[in-house]
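Taking it in order: structure first as structure tokens, then the write-up.
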There are 2 protein chains.
Amino acid sequence: MTRPFNFSAGPATLPEEVLQQAAGEMLDWHGSGMGVMEMSHRSNEFVSIYENAEADFRELMAVPPHFKILFMQGGGLAENAIVPLNISRGASADFIVTGSWSDKSQKEARKYCDVQIAATNANSDYTSLPPPASWKLRRDASYVHVCSNETIHGVEFQELPDLKGLGSDAPLVIDFSSHVASRPVDWSRVGLAFGGAQKNLGPAGVTLVVVGEDLLGHALPACPSAFDYKIVADNHSMYNTPPTYSLYVAGLTFQWLKRQKEGTATGVGAMEKRNLAKAQLLYDAIDHSQFYVNRVSKDCRSRMNVPFFLRDESRNEAFLAGAKARDLLQLKGHKSVGGMRASIYNAMPLAGVKALVDYLRDFEQKQA
Amino acid sequence: MTRPFNFSAGPATLPEEVLQQAAGEMLDWHGSGMGVMEMSHRSNEFVSIYENAEADFRELMAVPPHFKILFMQGGGLAENAIVPLNISRGASADFIVTGSWSDKSQKEARKYCDVQIAATNANSDYTSLPPPASWKLRRDASYVHVCSNETIHGVEFQELPDLKGLGSDAPLVIDFSSHVASRPVDWSRVGLAFGGAQKNLGPAGVTLVVVGEDLLGHALPACPSAFDYKIVADNHSMYNTPPTYSLYVAGLTFQWLKRQKEGTATGVGAMEKRNLAKAQLLYDAIDHSQFYVNRVSKDCRSRMNVPFFLRDESRNEAFLAGAKARDLLQLKGHKSVGGMRASIYNAMPLAGVKALVDYLRDFEQKQA
């Protein structure tokens with residue numbers, strides 16, 4: 001039996017192999033007599049799960065040794081507070097506002113530091129990116145925040161900004177929730193990266209934070225201990241009980257990613273090739289149609305989240321019903337944008353995008 | 001095949017039926033074509049899971065309508081900050097320190113308000129409870145904090161304190177992480193209750209907060225939005241993406257609890273009967289032996305967490321190895337206390353306690 005194709009923006013589809021393995025090990029992990037949910041986080045069994053997950057993510061994403069990898073709780077929205085609580089030092093932070101997520105981030109950071117919007121593309125309805133050369137960065141900013149892929153608006157940085165090249169010494173913070181592990185990261189340009197797992201890595205409830213050691217140890221007094229990066233790092237993400245099962249499933253996903261091959265590329269490199277092919281297939285189908293439209297500039301279209309509209313929006317309900325009848329699920333756009341959205345994360349196979357493209361064509365022909 | 005008995009203090013053993021159901025639904029929940037991990041938290045499917053979990057917990061625990069039930073992230077340790085961030089108003093809070101957990105709570109709260117230890121049993125090594133009549137409560141305290149079951153020290157309030165009867169109008173905050181749903185709660189005495197799920201309710205990563213509506217809306221400016229009880233309540237625990245899968249498994253556990261019967265008692269009433277029987281069996285075995293000892297006063301011994309010591313601690317390793325050989329797992333005591341600890345939460349069947357008691361006797365006889 002083929003599973004339906006699930007285009008949810010997150011929580012999102014997971015690799016079938018990962019789910020099969022998790023189901024198979026539910027009552028007894030590796031002969032331990034315990035399911036993973038039932039293990040003390042201090043047990044040898046769980047510590048090995050954690051250590052493998054950390055090492056696998058480091059290898060997959062080529063995270064340099066001077067970065068700590070933390071498994072936390074609260075998702076991206078909590079990190080919007082946790083980042084300035086940890087690294088703003090109560091001073092100033094510059095934000096590049098390129099969609100809903102970076103806008104939420106800057107609003108939350110205002111609780112903790114002086115926030116400036118150094119650049120925004122709001123005047124284009126978030127369908128383009130402000131060129132880095134136009135950013136008004138402050139010399140004394142404690143960090144610069146970018147959402148490297150905007151899940152709702154479907155806008156992605158194809159290259160991370162080079163802050164040093166722009167004359168800034170501030171660390172770059174990236175919210176990479178919705179495209180982590182879909183492409184390599186140029187860590188030489190990054191000070192801190194965070195992301196909820198529920199789009200590309202696993203279940204909701206575990207948040208990855210990759211943070212340079214130089215940014216640890218400067219938390220504001222108001223920072224809860226459980227969210228103080230230094231305390232979390234010093235305790236190997238076990239200061240409080242980690243979300244053990246979510247971490248385990250994320251670890252299975254890391255192993256699945258490591259096994260992927262595409263030509264000579266493996267791991268995240270293989271995923272990038274596949275994601276490029278999937279995105280091109282879908283954007284081409286939309287662009288070549290008179291029936292559907294995507295309004296994002298071609299130079300910053302997300303490979304992960306493809307918002308699109310029917311030019312005749314009175315047909316939206318019929319479109320969604322027909323999609324569901326073909327086992328193409330969760331295509332409704334975010335309420336703040338409307339229309340449709342296809343999220344085509346790592347775990348979405350090319351076959352899913354092909355099925356969607358076939359449906360786009362068939363639905364258009366039937367309506368014509 | 002019988003599963004081993006797992007005495008972990010948390011994350012802890014879960015009902016086999018719950019794990020079987022979760023495994024069976026992993027790839028396809030109720031014919032939706034999606035696993036629960038893969039569902040948007042805004043989908044009709046997941047919203048129904050959330051609503052059922054909320055309603056089932058309310059029914060199980062007889063939570064009155066003027067309390068909100070929140071599903072949050074961060075566990076009890078994060079709540080140690082989140083509670084004062086939300087309800088201290090930056091003023092004062094009184095703590096009853098009865099073991100490691102309440103001690104951690106008061107230390108963390110000092111970041112946010114003026115903390116007083118109104119009573120403690122530290123001088124008894126946390127083997128007794130200070131009688132409520134001796135508590136030095138302040139008239140202007142914004143709340144009074146009690147850990148109603150101390151997981152590490154094995155001390156439990158058999159009755160919640162009646163603050164009004166003690167002349168205080170402050171709301172009582174209880175950390176009920178390690179005995180929630182093992183016995184009824186007298187909500188007339190409670191202002192706020194919180195607990196990580198990973199002991200009695202489900203997987204780590206979801207935290208239950210039951211909070212009176214009158215305590216909402218007073219968060220300090222430094223409170224992260226994702227942890228502001230009013231925002232969480234107004235958004236039905238979906239301001240940020242909830243830990244969907246953990247919430248689902250907790251919901252399955254609530255349904256399992258509702259199905260339990262013991263004589264004419266059902267649900268939490270049935271669990272209380274069983275827990276009393278299990279605790280009595282184990283404490284009796286320890287008390288009647290010259291080989292093992294539990295030092296907690298009989299009037300406040302925990303029904304959930306039974307720390308005990310071999311009088312000859314040189315035999316600890318042999319004891320643990322023998323237990324493991326009999327499929328009795330995770331009996332090692334907490335590092336801060338040493339010795340042994342048997343956690344006998346709701347999901348531990350009487351048969352597990354019987355097997356442990358048999359082993360206690362056999363090990364003693366073999367050593368004698």
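Selection over segment B:46-66 of residues that are in contact (Cβ under 8 Å) with a residue 12 or more places away in the chain and crowded, with 16+ Cβ neighbours inside 10 Å gives a count of 10. Exactly one residue out of A:82, A:69, A:87 is surrounded by 21 or more Cβ atoms within 10 Å (Cβ to Cβ) and closer than 20 Å to residue A:243 by Cβ, and it is A:82. Test of understanding: among B:172, B:160, which residue is of a type in the set (A, V, I, L, M), free of Cβ contacts under 8 Å to residues at least 60 places away in the same chain and under 21 Å from residue B:305 (Cβ atoms)? Going through B:172, B:160 in turn, just one is of a type in the set (A, V, I, L, M), free of Cβ contacts under 8 Å to residues at least 60 places away in the same chain and under 21 Å from residue B:305 (Cβ atoms): B:160.
Within the option set B:59, B:54, being closer than 30 Å to residue A:333 by Cα and of a type in the set (D, E, K, R) holds for one residue only, B:54. Meeting the requirement of 2 or more residues that are out of contact with any strand residue (DSSP E or B) (no Cβ under 6 Å at 6 or more places or on another chain) and either more than 30 Å from residue B:23 (Cα to Cα) or outside the structural domain of residue A:242 (by TED's automatic domain parsing) (or both), the helices (runs of 4 or more DSSP H) wholly within segment A:20-138 are A:75-87, A:100-109. Scoring residue A:253 on the criteria (1) surrounded by fewer than 23 Cβ atoms within 10 Å (Cβ to Cβ); (2) under 18 Å from residue A:14 (Cβ atoms); (3) β-branched (Val, Ile, Thr) leaves a single failure, condition (1). I'd like to know if segment B:129-143 contains one or more residues that are surrounded by 24 or more Cβ atoms within 10 Å (Cβ to Cβ) and either more than 17 Å from residue B:296 (Cβ to Cβ) or without any contact (Cβ under 8 Å) to a residue 12 or more places away in the chain (or both). Scanning segment B:129-143, I find at least one residue that is surrounded by 24 or more Cβ atoms within 10 Å (Cβ to Cβ) and either more than 17 Å from residue B:296 (Cβ to Cβ) or without any contact (Cβ under 8 Å) to a residue 12 or more places away in the chain (or both), so the answer is yes. One residue alone among B:160, B:166 is closer than 24 Å to residue B:97 by Cα, touching an Asp or Glu at 6+ places or on another chain (Cβ under 6 Å) and either surrounded by fewer than 20 Cβ atoms within 10 Å (Cβ to Cβ) or in the same structural domain as residue B:268 (by TED's automatic domain parsing) (or both), and that residue is B:160.
When B:247, B:276, B:320, B:257 are screened for being assigned to a helix (DSSP H, G or I), within 14 Å of chain A (Cβ to nearest Cβ) and within 21 Å of the chain's Cα centre (by Cα), only B:247 passes.
Here segment A:323-343 is the region considered, the condition is being within 20 Å of residue A:363 (Cα to Cα) and hydrophobic (A, V, I, L, M, F, W, C), and the residue that is nearest to the chain's Cα centre (by Cα) is A:342. The residue that is modelled with the highest pLDDT, among those in segment A:42-62 that are out of contact with any Leu (no Cβ under 8 Å at 6 or more places or on another chain) and closer than 26 Å to residue A:223 by Cα, is A:54. Scanning segment B:43-94 for residues that are at positive phi and within 14 Å of another protein chain (Cβ to nearest Cβ) turns up B:74, B:75, B:90. The residues of segment B:169-211 that are touching a Ser or Thr at 6+ places or on another chain (Cβ under 6 Å) and either more than 14 Å from chain A (Cβ to nearest Cβ) or over 22 Å from residue A:245 (Cα atoms) (or both), listed by number, are B:174, B:176. Of the set (1) modelled with pLDDT under 95; (2) more than 11 Å from every other protein chain (Cβ to nearest Cβ), all apply to residue A:217 but (1). The number of residues in segment B:316-355 that are hydrophobic (A, V, I, L, M, F, W, C) and crowded, with 21+ Cβ neighbours inside 10 Å comes to 11. If you filter segment A:224-236 down to residues that are small (Gly, Ala, Ser) and within 12 Å of another protein chain (Cβ to nearest Cβ), you find that the one that is surrounded by the fewest Cβ atoms within 10 Å (Cβ to Cβ) is A:225. Select from segment B:21-42 the residues that are more than 7 Å from chain A (Cβ to nearest Cβ) and at negative phi and write down the one among them that is surrounded by the most Cβ atoms within 10 Å (Cβ to Cβ). Residue satisfying both the conditions and the ranking: B:36.
Given the criteria within 14 Å of chain B (Cβ to nearest Cβ), modelled with pLDDT of 95 or more and surrounded by fewer than 18 Cβ atoms within 10 Å (Cβ to Cβ), does residue A:107 qualify? Against the criterion (within 14 Å of chain B (Cβ to nearest Cβ), modelled with pLDDT of 95 or more and surrounded by fewer than 18 Cβ atoms within 10 Å (Cβ to Cβ)), residue A:107 qualifies. Does residue A:271 meet the test of being modelled with pLDDT of 95 or more and in contact with a helix residue (DSSP H, G or I) (Cβ under 7 Å, 6 or more places away or on another chain)? In short, yes.
The values are calculated or read from the model by the stated rules, or taken from the named source; none is laboratory data. These numbers were taken from a predicted model, which means no experiment stands behind them. Here Cβ is always computed from backbone atoms with ideal geometry, including for glycine, and neighbour counts include all displayed protein chains.
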